[in-house]
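Have a look at the structure below, then the notes.
The values are calculated or read from the model by the stated rules, or taken from the named source; none is laboratory data. Fair warning: this is a prediction, and the values are worked out from it, not measured in the lab. All Cβ positions, glycine included, derive from the backbone under ideal geometry; neighbour counts span all protein chains shown. SASA here: full protein model, heavy atoms, side chains in, ligands and nucleic acids out. Shrake-Rupley method; radii C 1.70, N 1.55, O 1.52, S 1.80 Å.
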Amino acid sequence: IIEAVKMANNLSINTVALTGKSGGKLKSMCNCIMVPPGKGGGVKAISSGDYNVTEDVCTLEDGTAMQMMQKWPVRTPRPFQQKYAPDTPLITGMRILDFLFPLAKGGAAGIPGPFGSGKTVTQQSLAKYSDAQLVVYIGCGERGNEMTEVLDEFPHLIDPNTGKPLMERTVMIANTSNMPVAAREASVYTGITIAEYFRDMGYDVALMADSTSRWAEAMREISSRLEEMPGEEGYPAYLSSRIAEFYERAGRVETKNGDDGSVTVIGAVSPPGGDISEPVSQGTLRIVKVFWGLDAGLARQRHFPAINWLSSYSLYPQALDQWYRDNIASDFPEVRTDISTLLQIEAELQEIVQLVGSDALPVDQQLTLEVARMIREFFLQQNAFHDVDTFSDLGLQYHMARAILSFQEEAKKAIAGGAQLEDVVNVPARTDLMRGRFEKGYDERINELVTEMGQQIAASMEAN
């Protein structure tokens, strides 16, 4: 619950704890009363019964009266004991993100992209299916119908961790494009402070800011009215420092009471015309460690999520590799490297194909193109509105990537043994493998399909 906020540097919010913690999982609608930072000591008296958020429910030994809310200046980060290194991934269920460009819990990511490339849908998918315990969704300067979609959809979605409606673990900050400019400028700070509040309870929180470009535009408008000296493209000279201050509030920390909590920040950027050389995009890229670059060309080809695998990057894999080895598979990093390498080789070969055509390439390079196409169409493409394909756990992602590499290995052997590339590529089991991801129980059948595919490829070699 958020009281009406006033635009000022000492802007404060009042929040109420509506959730409690039990065994690392959320327990719905349990009051969890926090001691304000800077206070401590034993409990002298505690009340029971029904109270509103402004009534005293607890008194500490030093006389501090506590209510079911806290006031905190939103422009000041909440304190913590220490910040940890990011070594645990945020599981999103989106294959291109989890597998190729992972984000750590407590990390920061930017999603720049032109209009219509899928920024909002990507963030909504992250809010629905990421393994964060709480989600704070900030609609800053975006269209009101997008917020309406979230409000209509989230109550009907079931959280797999609790079996409750997804809305019960979601906080929404609605500052749409028709709201006052001061509210839009304040909305991002309000959201990050609410995220820190729940982080201090020991939860892993994911914050979606859609979009930071509208926040920066509101900042520019206020700066202009204050007659401050403009910087690049009319933005205030302190734009980069404000962006850095916002993203630096992300992190996995030890809270004041000894729990571990995290705030993961995912900010969408809407550069005019898709030009990421503009100040907001550049200020974001300087501070975040994950760049999920959306491509209008992929969106026009109906390839979703339209994240360009050649321009995107993540600086977290090295820190997360040990987690993947311990929890998924010992060769997970190597498989990821092989998949990335194939995509890079395909990009180089496409330049030759555009000049002379694919038939002029050697057979091994034609096979590489087929394997890369399999990666794009079978692995990287994902339907956010399909009941089954909308979410893939890490184990399934690993087996899908291994299946692609298995096809490449078996195909190389068959072609070396005299099989035709066309016969190898068109084996029925390969088609079943690629289409099966839309069916329930696919994770249980995938190994059988890989074995069947290998047998059919070997048979095509014997037939020749």
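Some points to look at:
- Of all residues in the range 137-163, those that are farther than 15 Å from Thr390 by Cβ and touching a residue at least 24 places away in the same chain (Cβ under 8 Å) have Cβ atoms under 7 Å from Cβ atoms of residues that are of a type in the set (Gly, Ala, Ser) and open to solvent by 50 Å² or more (accessible area, probe 1.4 Å), 6 or more apart or on another chain, in Gly139/Ala174; Gly141/Ser177; Glu142/Ser177; Arg143/Ser177; Met147/Ala174.
- Selection within the range 301-317: residues that are among the aliphatic types (A, V, I, L, M) and surrounded by 20 or more Cβ atoms within 10 Å (Cβ to Cβ). The member of this set that is farthest from the chain's Cα centre (by Cα) is Ala306.
- So Thr193, is it of a type in the set (Ser, Thr, Tyr) and modelled with pLDDT of 95 or more: yes
- Count - residues of the range 128-158 that are open to solvent by less than 10 Å² (accessible area, probe 1.4 Å), assigned to a helix (DSSP H, G or I) and in contact with a Leu (Cβ under 8 Å, 6 or more places away or on another chain): 1
- Any hit, the range 64-75, residues being among the aromatic types (Phe, Trp, Tyr) and either more than 24 Å from the chain's Cα centre (by Cα) or surrounded by fewer than 16 Cβ atoms within 10 Å (Cβ to Cβ) (or both): yes
- Looking across the range 422-434 at every residue that is among the charged types (D, E, K, R) and within 16 Å of Gln455 (Cβ to Cβ), the one that is surrounded by the most Cβ atoms within 10 Å (Cβ to Cβ) is identified as Arg430.
- For Lys83, the conditions (1) modelled with pLDDT of 50 or more; (2) of a type in the set (Lys, Arg); (3) more than 27 Å from the chain's Cα centre (by Cα) are fulfilled apart from (3).
- Looking across the range 364-405 at every residue that is of a type in the set (Lys, Arg) and within 18 Å of Leu349 (Cα to Cα), the one that is most open to solvent (accessible area, probe 1.4 Å) is identified as Arg373.
- Residue ID - surrounded by the most Cβ atoms within 10 Å (Cβ to Cβ), chosen from residues in the range 272-287 that are over 18 Å from the mean Cα position of the chain (by Cα), on the phi < 0 side of the Ramachandran plot and assigned to a helix (DSSP H, G or I): Val280
- Contacts under 6 angstrom Cβ, first residue in the range 392-420 being more than 15 Å from Val371 (Cα to Cα), partner open to solvent by 30 Å² or more (accessible area, probe 1.4 Å) and assigned to a loop (DSSP other than H, G, I, E, B), 6 or more apart: Leu394/Ile328; Tyr398/Ile328; Gly418/Asn464; Ala419/Asn464
- Options Leu320, Leu298: the member that is surrounded by 14 or more Cβ atoms within 10 Å (Cβ to Cβ), at pLDDT 95 or above and not in a loop (DSSP other than H, G, I, E, B): Leu320
- Qualifying residue in the range 197-204 (condition: aromatic (Phe, Trp, Tyr) and part of a helix (DSSP H, G or I)): yes
- Filter result (part of a helix (DSSP H, G or I) and either open to solvent by less than 50 Å² (accessible area, probe 1.4 Å) or over 17 Å from Gln381 (Cβ atoms) (or both)) within the range 435-451: Gly436, Arg437, Tyr442, Asp443, Glu444, Arg445, Ile446, Asn447, Glu448, Leu449, Val450, Thr451
- Each residue in the range 218-266 was checked for being free of Cβ contacts under 8 Å to residues at least 40 places away in the same chain, touching a helix residue (DSSP H, G or I) at 6+ places or on another chain (Cβ under 6 Å) and open to solvent by less than 60 Å² (accessible area, probe 1.4 Å), and 3 pass.
- Residues of the range 343-363 satisfying the condition of being open to solvent by 60 Å² or more (accessible area, probe 1.4 Å), in a helix (DSSP H, G or I) and free of Cβ contacts under 8 Å to residues at least 40 places away in the same chain: Gln344, Ile345, Glu348, Gln350, Glu351, Ile352, Gln354, Leu355, Val356, Asp359, Ala360
- Number of positions in the range 164-181 that are touching a helix residue (DSSP H, G or I) at 6+ places or on another chain (Cβ under 7 Å), touching a residue at least 24 places away in the same chain (Cβ under 8 Å) and in a helix (DSSP H, G or I): 2
- Residues that are of a type in the set (Phe, Trp, Tyr) and either open to solvent by less than 10 Å² (accessible area, probe 1.4 Å) or without any contact (Cβ under 8 Å) to a residue 60 or more places away in the chain (or both), drawn from the range 86-127: Phe99
- Within the range 159-172, the set of residues being closer than 30 Å to Val35 by Cα, of a type outside the set (Asp, Glu) and surrounded by fewer than 23 Cβ atoms within 10 Å (Cβ to Cβ) comprises Asn161, Thr162, Gly163, Lys164, Pro165, Leu166, Met167, Thr170, Val171, Met172.
- Among the residues listed as Ala414, Ala459, Ala419, the single one being among the aliphatic types (A, V, I, L, M), part of a helix (DSSP H, G or I) and surrounded by 15 or more Cβ atoms within 10 Å (Cβ to Cβ): Ala414
- Evaluation of Val53 against the conditions (1) aliphatic (A, V, I, L, M); (2) open to solvent by 50 Å² or more (accessible area, probe 1.4 Å); (3) modelled with pLDDT of 80 or more shows that the sole unmet condition is (2).
- Of the criteria (1) open to solvent by less than 40 Å² (accessible area, probe 1.4 Å); (2) modelled with pLDDT of 85 or more; (3) closer than 15 Å to Met201 by Cα, which one Val35 fails: (1)
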